[in-house]
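K.L.:
The following block contains the structure, expressed as structure tokens.
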Amino acid sequence: MIDISAIAPGKPFRLSRATVPACLIEGHVPGDPDADGLLSVDIDVSDGHIFAINEAGATVDHAPAVDLDDGMVWPCFADIHTHLDKSHIWPRKPNPDGSRPAAIKATEEDRLKHWTADDVRTRMDFALRCAYAHGTAAIRTHIDSQPEQYGISWPVFRELREEWKDRILVQGVSLQHAHGFTDKGWAVDIADTVKESAGILGAVLNVQENTAGILDLVFGLAAERGLDLDFHVDEQGDPMAKSFDAVAEAVLRNKFEGKVNVGHCCALALRPEDEVKRALDLAAEAHLAVTSLPMVNLFLQDRVAGRTPRWRGPTILHELKARGIPVILSSDNSRDPF
């Protein structure tokens with residue numbers, strides 16, 4: 001048990017004899033890493049920020065210290081893809097067969113029946129408490145933004161973000177099927193809501209009609225408001241799902257200057273290799289970032305009795321990284337897709 005009694009609120013303190021991977025220290029590395037790339041260091045903290053990292057025992061003064069006894073120190077978690085508004089509905093609305101379609105149906109039924117402002121706030125707040133207790137410092141959450149829901153959930157999001165601002169940085173992303181943007185009134189309203197909320201504009205893209213036209217509309221709404229974009233893309237086992245390519249093409253066609261992230265991208269693992277290479281080259285040219293969600297998609301995708309799935313996920317991740325495309329792995333702690 002580590003004795004933290006030396007830490008007084010608002011006062012400087014030292015974490016002594018901490019073990020830290022050298023690769024996580026920016027700039028000057030104090031001392032020589034061991035064979036495993038680890039350092040023994042003292043970490044000085046003031047006003048909630050690290051202001052010095054020195055070789056263990058090198059600084060002689062009387063700063064209050066917590067002896068970590070060679071315990072590991074790591075950066076806090078940053079979760080780039082969650083659904084806080086979907087969190088903790090499982091006890092009252094479980095997924096009946098473990099599939100993605102069933103998860104979507106169960107979530108929709110629960111949303112229509114239960115998602116009042118009080119219900120959304122209670123579950124989102126508890127999810128943030130859990131994340132904070134486990135060392136999370138930043139979360140990007142997708143928020144169901146159907147016409148009947150966005151006026152409920154986005155105000156709750158803004159309130160909670162303010163309440164948690166000194167503990168967790170929380171970002172919000174609008175979430176609705178791409179075809180929802182054909183309702184021009186809703187499209188403008190949700191883009192304005194996202195702008196008001198300092199959020200990110202998003203949509204769900206799989207196989208749909210007029211993909212390029214919808215994307216041009218979404219990119220136009222984002223560009224007019226200075227918003228970044230984050231899409232759910234091709235979260236299915238259909239090699240004909242090619243919205244990954246369409247998003248990259250839309251970035252280039254619209255000369256979009258904001259940041260664009262695409263999540264899931266499961267269908268890439270089932271497409272012909274030559275197609276995949278062209279798609280990844282296009283993504284690199286468009287400077288896409290990719291969020292992979294192995295936990296949620298291993299749970300929901302293609303668990304068919306009697307055969308072994310032949311997904312090429314690890315190969316795709318390797319090829320993404322080889323092209324310099326940022327790849328973020330996320331747990332998606334809600335375990336619910338859209």
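K.L.:
Looking at the stretch 33-163 only, what percent of DSSP beta bridges run antiparallel? Nearest 5 please. Walk me through the numbers before you get to the answer.
P.N.:
Details: 6 of 10 bridges.
Around 60 percent antiparallel, to the nearest 5.
K.L.:
Any chance you could give the angle, 0 to 90 degrees and rounded to 10, that helix 243-254 forms with the longest Cα principal axis of the chain?
P.N.:
90 degrees
K.L.:
By the gyration tensor of its Cα atoms, with a ≥ b ≥ c the square roots of the eigenvalues, what is the shape of the stretch 82-208: rounded for a/c under 1.5, prolate for a/b over b/c, or oblate?
P.N.:
Numbers: a/c = 1.70, a/b = 1.10, b/c = 1.54.
Oblate shape, in that a/c is at least 1.5 and b/c is the bigger or equal ratio.
K.L.:
Let me ask something else about it. Using the Karplus curve 6.51 cos²θ - 1.76 cosθ + 1.60 with θ = phi - 60°, work out ³J(HN,Hα) for each residue of the stretch 29-43 in order, rounded to whole Hz, and write x for Gly and Pro.
P.N.:
After applying 6.51 cos²θ - 1.76 cosθ + 1.60, I find 9, x, x, 9, x, 7, 4, 9, x, 9, 10, 9, 9, 10, 10 Hz.
K.L.:
For Lys105, which lysines qualify as cross-link partners when the Cα separation must be under 19 Å and same-chain residues fewer than eight apart are set aside?
P.N.:
Here the lysines satisfying the reach criterion relative to Lys105 are Lys86, Lys93, Lys113.
K.L.:
Keeping every protein chain in place, order Phe126, Phe181, Phe256 by accessible area at 1.4 Å, biggest value first, i.e. largest first.
P.N.:
On the way: Phe126 110, Phe181 0, Phe256 30 Å².
Putting Phe126, Phe181, Phe256 in descending order of accessible area: Phe126, Phe256, Phe181.
K.L.:
Calculate one ³J(HN,Hα) per residue across the stretch 165-171 by plugging θ = phi - 60° into the Karplus curve 6.51 cos²θ - 1.76 cosθ + 1.60, and present them in order as whole Hz with x for glycine and proline.
P.N.:
Each residue of the stretch 165-171 in turn: 4, 8, 10, 9, 7, 10, 10 Hz.
K.L.:
How about the stretch 126-204: which trypsin sites (Lys or Arg not before Pro) there lie in a loop by DSSP and see at most 10 other Cβ atoms within 10 Å? Write down the numbers at each step before the final one.
P.N.:
Values: sites: Arg129, Arg140, Arg158, Arg161, Lys165, Arg167, Lys184, Lys195; in loops: Lys165, Arg167.
Loop-located and lightly packed - Lys165.
K.L.:
Hey, got the dipole for the chain? About the Cα centre, +1 on K and R Cβ, -1 on D and E Cβ, debye to the nearest 20?
P.N.:
Details: 35 positive and 52 negative charges, 175 e Å.
Dipole magnitude for the chain comes out near 840 debye.
K.L.:
Same structure, new question: Roughly speaking, to the nearest percent, how much of the chain's 1.4 Å accessible area is carbon and sulfur?
P.N.:
Working: 9540 of 17160 Å².
Whole-percent figure for carbon plus sulfur exposure: 56.
K.L.:
Just to confirm the number: angle between the C-alpha axis of helix 100-114 and the first principal axis of the chain, 0 to 90 degrees, nearest 10?
P.N.:
Helix 100-114 and the main axis of the chain meet at about 80 degrees.
K.L.:
Which order do Glu148, Glu196 take by accessible area at a 1.4 Å probe, largest first?
P.N.:
Working: Glu148 100, Glu196 125 Å².
Ranking Glu148, Glu196 by accessible area, largest first, yields Glu196, Glu148.
K.L.:
Near Lys165, which lysines are there with a Cα under 16 Å away, not counting those fewer than 8 places off in the same chain?
P.N.:
Here the lysines satisfying the reach criterion relative to Lys165 do not exist.
K.L.:
Could you tell me what percent of the DSSP beta bridges with both partners in the chain are antiparallel, to the nearest 5? Don't skip to the end; give the middle numbers.
P.N.:
Details: 13 of 46 bridges.
So the antiparallel bridges in the chain amount to around 30 percent.
K.L.:
So, one more: Working from Cα positions, state the angle (0 to 90°, nearest 10) between the long axis of helix 150-163 and the longest principal axis of the chain.
P.N.:
Helix 150-163 sits roughly 10 degrees off the main axis of the chain.
The values are calculated or read from the model by the stated rules, or taken from the named source; none is laboratory data. Not measured: the values here are computed from a predicted model. We place every Cβ from the backbone using ideal geometry, glycine too, and count neighbours over all the protein chains shown. For accessibility, only protein heavy atoms count, side chains too; no ligands or nucleic acids. Shrake-Rupley method; radii C 1.70, N 1.55, O 1.52, S 1.80 Å.
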